[in-house]
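**Student:** Once you've had a glance at the structure underneath, I'll fire off some questions.
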Amino acid sequence: MSTEDQKEPARVNQSWGGRFSEQTDAFVEAFTASVDFDRRMYQQDIAGSRAHARMLNKVTVLSDEDLSAILKGLDQVEQEIEAGKFEWSVAREDVHMNIEARLTDIIGDAGKRLHTGRSRNDQVATDIRLYLREQIGRVIWEAKRLQQGLLGLAEREADTIMPGFTHLQVAQPVTFGHHMLAWFEMLARDVSRYEDCRERMNMCPLGAAALAGTSYPIDREFSARELGFIAPTANSLDAVSDRDFAIEFCAASAMLMTHMSRMSEELVIWSSSQFNFINLPDRFCTGSSIMPQKKNPDVPELVRGKTGRVNGNLVSLLTLMKSQPLAYNKDNQEDKEPIFDTLDTVLGSLRAFADMIPAIECKQANMYKAAKQGFSTATDLADYLVRKGLPFRDAHEVVGSAVAVALEKELDLSELSLKELQAFSATISEDVFDVLTLEGSVASRNHIGGTAPEQVRKAVIEARKRI
Ligand code: ARG
């Protein structure tokens with residue numbers, strides 16, 4: 001036999017080759033294969049096979065001998081994969097067929113009985129759910145580590161005054177700790193989105209088989225329990241075809257990354273020499289190959305940029321799912337790479353941030369100076385006048401004129417003399433300086449969710465109870 005002849009049968013796939021009269025085109029074989037990326041789910045695939053085999057045995061479709069051969073064989077397959085000795089084959093298309101075929105190589109006919117009452121359609125739907133369910137746990141863990149870091153920084157900088165912005169114009173003074181707590185809240189909602197989506201995906205498709213279920217007397221509750229799912233999925237057509245759970249995962253991730261892009265943007269702005277509010281430790285920055293003076297905030301910039309691919313992955317999956325008729329279609333094989341890429345990107349971004357955030361140095365004096373420059377206590381003066389009896393709209397007007405004069409004199413409102421201030425309203429007295437100072441301004445916002453240092457410290461305590 002020529003070497004050509006020897007190779008030929010290998011491409012008629014042993015899992016479904018029966019009805020085929022010619023071998024798969026070599027390019028098509030590679031084009032349709034997913035093993036290069038779906039092998040990431042080998043543990044889940046093996047766990048699913050163990051559960052399925054035990055179930056078949058329980059309902060007496062699979063003998064005790066076959067079950068023990070399958071379980072032993074799967075152990076060996078798993079060891080081979082973990083030792084890097086497993087030969088992944090594109091001819092065997094995907095992770096499912098690679099593992100099953102190897103199992104059969106090892107244990108013979110018992111391996112061929114594993115696929116009784118099962119299809120790759122319910123198998124893959126199970127594997128992805130198992131995989132994502134576990135990986136979401138890692139994402140949440142990293143997100144919480146970042147949240148802890150934010151709380152530490154919030155506590156450390158509870159008294160640090162900085163300008164708060166609207167339209168990126170100085171608006172009112174806030175505390176840096178308060179700003180960190182805003183980020184914390186964004187992440188808290190992200191974590192709860194992941195938890196929600198994990199809960200919804202935690203249903204077991206095994207038994208849905210190709211699409212209609214199976215004629216064997218299967219026990220779906222048993223398989224679901226074996227794999228730690230809440231329950232079997234309620235409809236076989238839906239179970240094998242929908243990837244809404246993957247879309248939800250990407251949506252939660254796109255939201256998280258969008259939040260992180262906003263944090264990134266602020267870190268980039270704050271670390272610029274124009275703002276000079278913070279110092280990012282050197283180990284999170286890089287230099288320029290041409291401009292020796294440069295220190296670039298690479299980590300936040302990169303996270304900001306990576307938001308694009310995660311948003312893109314969400315759109316990929318939505319578009320993948322759109323208009324797909326029931327039930328399974330090969331389109332769905334395209335769900336893996338966006339899922340994995342999203343996961344890797346989110347985990348990496350969270351990890352970099354969780355490491356970096358606690359190491360941020362605040363340049364308190366610069367933040368204070370910036371807060372002083374933008375008439376950030378103008379609202380406080382208006383509120384003061386209201387307390388003295390002026391209607392708010394009139395107070396707004398009065399303060400507007402005071403700002404105009406101060407601008408002309410290049411002074412802050414708090415730097416005008418009492419006499420100068422009284423020219424705008426006779427109701428102003430010496431106590432006005434209590435509210436015109438930055439400290440007075442932030443301390444007065446002392447209610448739930450307010451920026452006062454006292455509130456920040458309380459909020460940190462409350463937040464620690466929540467995570
Ligand atoms: N590799 C396939 C996927 O990821 C497994 C399911 C294949 N099912 C089928 N009927 N071709 O979707």
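**Student:** Let me have the 222 nm mean residue ellipticity of the chain computed from DSSP H runs of 4+ only, each contributing -39500 (n - 2.57), with the sum over all residues rounded to the nearest 500. Intermediate results must be reported in sequence, preceding the final value.
**Tutor:** On the way: 21 runs with 288 residues, N = 467.
After summing the helix terms and dividing by the residues of the chain, the value is -20000 deg cm²/dmol.
**Student:** Against the longest principal axis of the chain, how steep is helix 392-409, in degrees 0 to 90 to the nearest 10, with axes from Cα atoms?
**Tutor:** That works out to roughly 80 degrees.
**Student:** Hey, another quick one. Tell me the label-point distance for the pair Asp244, Lys85, using the 7 Å Cα-to-Cβ offset, in nm and rounded to one decimal.
**Tutor:** According to this spin-label approximation, the distance is 4.5 nm.
**Student:** Can you tell me how the chain classifies by the Cα gyration tensor, rounded, prolate or oblate, using a/c under 1.5 as the rounded cut?
**Tutor:** In terms of gyration-tensor shape, prolate.
**Student:** What is the helix-to-structure angle for 95-107, meaning the angle in degrees between its Cα long axis and the longest Cα principal axis of the chain, kept from 0 to 90 and rounded to the nearest 10?
**Tutor:** Approximately 40 degrees, to the nearest 10.
**Student:** Chymotrypsin sites (Phe, Trp or Tyr not before Pro) within the range 165-238: which are DSSP loop residues with at most 10 other Cβ atoms inside 10 Å?
**Tutor:** none
**Student:** Output the 0 to 90 degree angle, nearest 10, between the alpha-carbon long axis of helix 453-466 and the longest principal axis computed from the alpha carbons of the chain.
**Tutor:** Once rounded, one gets 10 degrees.
**Student:** By its C-alpha gyration tensor, with a ≥ b ≥ c as the square roots of the eigenvalues, how is the range 15-147 shaped: rounded for a/c under 1.5, else prolate for a/b larger than b/c, else oblate?
**Tutor:** Oblate, since a/c reaches 1.5 and b/c is not below a/b.
**Student:** Filter the cross-link list Lys294/Lys363; Lys144/Lys306; Lys144/Lys369; Lys372/Lys409; Lys144/Lys458; Lys58/Lys112 down to pairs whose alpha-carbon distance in this structure exceeds 26 Å.
**Tutor:** Long pairs (Cα-Cα over 26 Å): Lys144/Lys369.
**Student:** Moving to a separate point now. What ³J(HN,Hα) values, in whole Hz, does the Karplus curve 6.51 cos²θ - 1.76 cosθ + 1.60 give for the range 217-227 when θ = phi - 60°, with x put for Gly and Pro?
**Tutor:** So the J values, rounded to whole Hz, are x, 6, 10, 6, 4, 4, 4, 4, 5, 3, 9.
**Student:** Under 15 Å from the Cβ of Cys197, count the other residues' Cβ atoms, weight Lys and Arg +1, Asp and Glu -1, and hand me the total.
**Tutor:** So the surrounding residues net to -1.
**Student:** Further, regarding this structure: Quick one: what are the phi-derived ³J(HN,Hα) couplings along the range 166-177, Karplus 6.51/-1.76/1.60 with θ = phi - 60°, whole Hz, x for glycine and proline?
**Tutor:** 10, 6, 6, 9, 4, 10, 9, x, 9, 9, 4, x
**Student:** Between Val174 and residues 5 or more places away or on another chain, which pairs have amide H atoms under 5 Å apart, with H built 1.01 Å from N, and which residues are they?
**Tutor:** The answer is Met162, Gly164.
**Student:** Please give, to one decimal in nm, the separation of the simple spin-label points placed at Arg200 and Arg351, each 7 Å out from Cα toward the Cβ.
**Tutor:** 2.9
**Student:** Testing the spin-label approximation: label points 7 Å from Cα along Cα→Cβ at Ala182 and Ser429. State their distance in nm.
**Tutor:** Label at Ala182, label at Ser429, 3.6 nm between them.
**Student:** Please label the shape of the range 165-228 as rounded, prolate or oblate, based on the square roots a ≥ b ≥ c of the eigenvalues of the alpha-carbon gyration tensor (a/c under 1.5 means rounded; beyond that, a/b larger than b/c means prolate, else oblate).
**Tutor:** Verdict is prolate for the range 165-228.
Rule-based calculations on the coordinates, nothing more; no lab input. As the structure is a computational prediction, the values presented were derived from the model and not from experiment. Glycine also receives a Cβ, built like all others from the backbone with ideal geometry; neighbour counts cover every protein chain displayed.
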